[in-house]
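Any read-out appearing in this document is the output of simple, stated calculations on the displayed coordinates, not a laboratory observation. Since we're looking at a predicted model, the values are computed, not measured. Cβ placement follows ideal geometry from the backbone for every residue including glycine, while neighbour counts extend to all protein chains displayed.
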Amino acid sequence: MAKAPTFAALLSFGVAAALLAACSGAQRAGGTTLAQVGRPAPNWSEPTAAGGTLSLAALRGKAVYLNFFASWCPPCNDEAPRLEALQRRYGPQGLQIVGVDVLESRAKAAHFVAEHHLTYPAVVDAGTLRDQYAVNGLPVHVFITRSGVVKRIEVGELSAAQMRRGIESILGS
């Protein structure tokens, strides 16, 4: 008679399966493909604070800088003027910053954009992008090359110099 697997054996199998999935790039969270550095960025389409819709596909050929924020986040408010200055400086070279307002209303996102005089678009994320990039704190910065590959993901507040380095790393790609 075959012996039933022990808890330790089942746990070991579960850990091995999770590691295999992680190494294969087939990570999924609730059916959502997770973003990974060195891999193509997951596609998305989100409503904007201005009332339209924006998708990653519409930004093809541009260096994309996703900035995950919320209006209640002090570092996010501190970073907004730096991001705006960088968009103005590097936009003509093909940079597109996109603010990603996490789990707030369109009205709050629009107020944040107006309050900080932002010229770059902000999308209103109901959780799709948050899940794709495994965001569990704010702010988060994602640098995507012109060819659509995730180059860097940075968690926490960045200085202007750190933001510039991230931007310059994707503009030449």
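Most exposed first by the Cβ proxy, i.e. fewest other Cβ within 10 Å, how do 141, 117, 111 rank?
On the way: 141 23, 117 9, 111 15.
With the fewest neighbours first, 141, 117, 111 line up as 117, 111, 141.
By count of other Cβ within 10 Å, fewest leading, how are 44, 72 ordered? Let's see the in-between values first.
On the way: 44 20, 72 11.
Sorted ascending by nearby Cβ count, the order is 72, 44.
Could you work out how much longer the chain between residue 161 and residue 50 gets when fully extended? Use 0.36 nm per residue separation minus the Cα distance between them, nm to one decimal. Display every interim value, and only then the final one.
Numbers: separation 111, 0.36 × 111 = 39.96 nm, distance 2.91 nm.
Taking residue 161 through residue 50 to full extension adds about 37.0 nm, to one decimal.
For region 32-171, what relative contact order do you get, as a whole percent, if you take Cα pairs closer than 8 Å and at least 6 residues apart? Spell out each step's value before the answer.
Details: 282 pairs, mean separation 48.5, N = 140.
About 35 percent, as a whole number.
Determine ³J(HN,Hα), in whole Hz, for all residues of region 72-89 in sequence, where each value follows from phi through the Karplus function 6.51 cos²θ - 1.76 cosθ + 1.60 and θ = phi - 60°; x replaces Gly and Pro.
For region 72-89, the Karplus-derived couplings read 7, 8, x, x, 5, 5, 5, 6, 3, x, 5, 5, 4, 4, 5, 4, 5, 6 Hz, x marking Gly and Pro.
Suppose R0 equals 35 Å; then what is the FRET efficiency for residue 106 and residue 85 from their Cβ-Cβ distance, rounded to the nearest 0.05?
Details: r = 25 Å, r/R0 = 0.72.
With a Förster radius of 35 Å, E is 0.90.
If amide hydrogens are placed 1.01 Å from N in the peptide plane, which non-local residues have theirs closer than 5 Å to the one on residue 96?
Here the answer is 63, 64, 65, since their amide H atoms fall under 5 Å of that of residue 96.
Report, by chain and number, residues whose modeled amide H sits under 5 Å from the one on residue 149, excluding near sequence neighbours (fewer than 5 apart, same chain).
41
Apply the a/c threshold of 1.5 to the C-alpha gyration tensor of region 50-156 and tell me whether it is rounded, prolate or oblate.
Rounded shape, in that the Cα axes give a/c under 1.5.
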